[in-house]
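S.K.: Dropping the structure in here first, questions after.
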Amino acid sequence: MQEVYERVFVTDATSCLHGSDGVAVVHACKSPCHQRAVGYTGKLPNSHPNYLVLEQGSDLYLNIIDPPVPLFMPALFSSFLEFAKKHWDDGKKLVIHCNQGESRAPSLALLFLARALTVIDDSSYGSARDEFQKLYPRYQPGKGIQTYFTQNWAKLGQDF
């Protein structure tokens, strides 16, 4: 687990924990976290009310994978930013994890630092990525999330 900014931590599945009074946790992995929290195996119908996200108190479970061809939905990132900002503003630590701690979780942390906290350059994904990699050298974005962020950077987090 590495603190990338004041009270913002990025980690892998070995540090998966549940949120508490002082910690909000973003589980950025379909398997096993989102599946376990929502209660399904395999695929979830996209008509399910928790298809993209499930918020339970201080935990946010995301149905997110990082395939080579991006399949992301903007609502997932909006839900993440709203959750993260709300809990960070409440003074909580924010722990963001994915399976390996290299692509999805750090990409979300990058987005949060650039768009919600504006502590790294947000003029482009490339410039934000360059600054973020100084904070988190393990950042190895998958092709899908890198393509999606590059193509959609101007739209991501517009409400912040």
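The values are calculated or read from the model by the stated rules, or taken from the named source; none is laboratory data. From a predicted model like this one, the values you see are computed outputs, not experimental measurements. Don't worry about glycine lacking a Cβ; one is built from the backbone with ideal geometry, like all the others, and counts go over all protein chains shown. Heads up: the accessible areas ignore ligands, DNA and RNA and are worked out on the full protein's heavy atoms, side chains in. Shrake-Rupley method; radii C 1.70, N 1.55, O 1.52, S 1.80 Å.
S.K.: Would you please give the residues with an amide H less than 5 Å from that of Val4, counting only those at least 5 places away or on a separate chain, with H modeled from the backbone geometry?
M.R.: Phe9, Val10
S.K.: Related question: For the chain, what does the helix formula give at 222 nm: sum of -39500 (n - 2.57) over DSSP H segments with n ≥ 4, over the residue count, nearest 500 deg cm²/dmol?
M.R.: Theoretical 222 nm ellipticity from helices: -9000 deg cm²/dmol.
S.K.: Amide H to amide H, which residues 5 or more places from Lys93 or on other chains are under 5 Å from it, using H placed in the peptide plane?
M.R.: Counting only residues 5 or more places away or on other chains, the set is Val23, Ala24.
S.K.: Say R0 is 25 Å: what FRET efficiency, to the nearest 0.05, do Gln2 and Asp90 get from their beta-carbon distance?
M.R.: Efficiency for this residue pair is about 0.70.
S.K.: Next question. If each residue of separation counts as 0.36 nm, what is the full-extension length gain between Lys143 and Ala75 once their alpha-carbon separation is subtracted?
M.R.: Contour length minus Cα-Cα distance gives 22.5 nm.
S.K.: Run through the DSSP bridge list for the chain and note the antiparallel percent, rounded to the nearest 5.
M.R.: Of the beta bridges lying entirely in the chain, close to 35 percent run antiparallel.
S.K.: Can you work out ³J(HN,Hα) from phi for every residue in segment 136-142, in order, using Karplus 6.51 cos²θ - 1.76 cosθ + 1.60 and θ = phi - 60°, giving whole Hz and x for Gly and Pro?
M.R.: For segment 136-142, the Karplus-derived couplings read 9, x, 6, 5, 10, x, x Hz, x marking Gly and Pro.
S.K.: Related question: Please identify the trypsin sites (Lys or Arg not before Pro) of segment 98-148 that satisfy two criteria: DSSP loop assignment and at most 16 other Cβ atoms within 10 Å. Which are they?
M.R.: Arg138
S.K.: A further question on this structure: Largest first, what is the accessible-area ranking of Lys43, Lys93 with a 1.4 Å probe?
M.R.: My answer, sorted largest first, is Lys43, Lys93.
S.K.: At a 1.4 Å probe radius, which order do Met1, Met73 fall into by accessible area, largest first?
M.R.: From most exposed to least exposed: Met1, Met73.
S.K.: Still on this structure: Counting only protein chains, not ligands or nucleic acids, how are Val38, Val8 ordered by accessible area (probe 1.4 Å), most first?
M.R.: Heavy-atom accessible area, descending, gives Val38, Val8.
S.K.: Let me ask something else about it. Could you go through segment 38-54 in sequence order and give the Karplus-derived ³J(HN,Hα) for each residue, using 6.51 cos²θ - 1.76 cosθ + 1.60 with θ = phi - 60°, rounded to whole Hz, and x for Gly and Pro?
M.R.: 7, x, 9, 10, x, 9, 9, x, 5, 8, 5, x, 10, 4, 8, 9, 9
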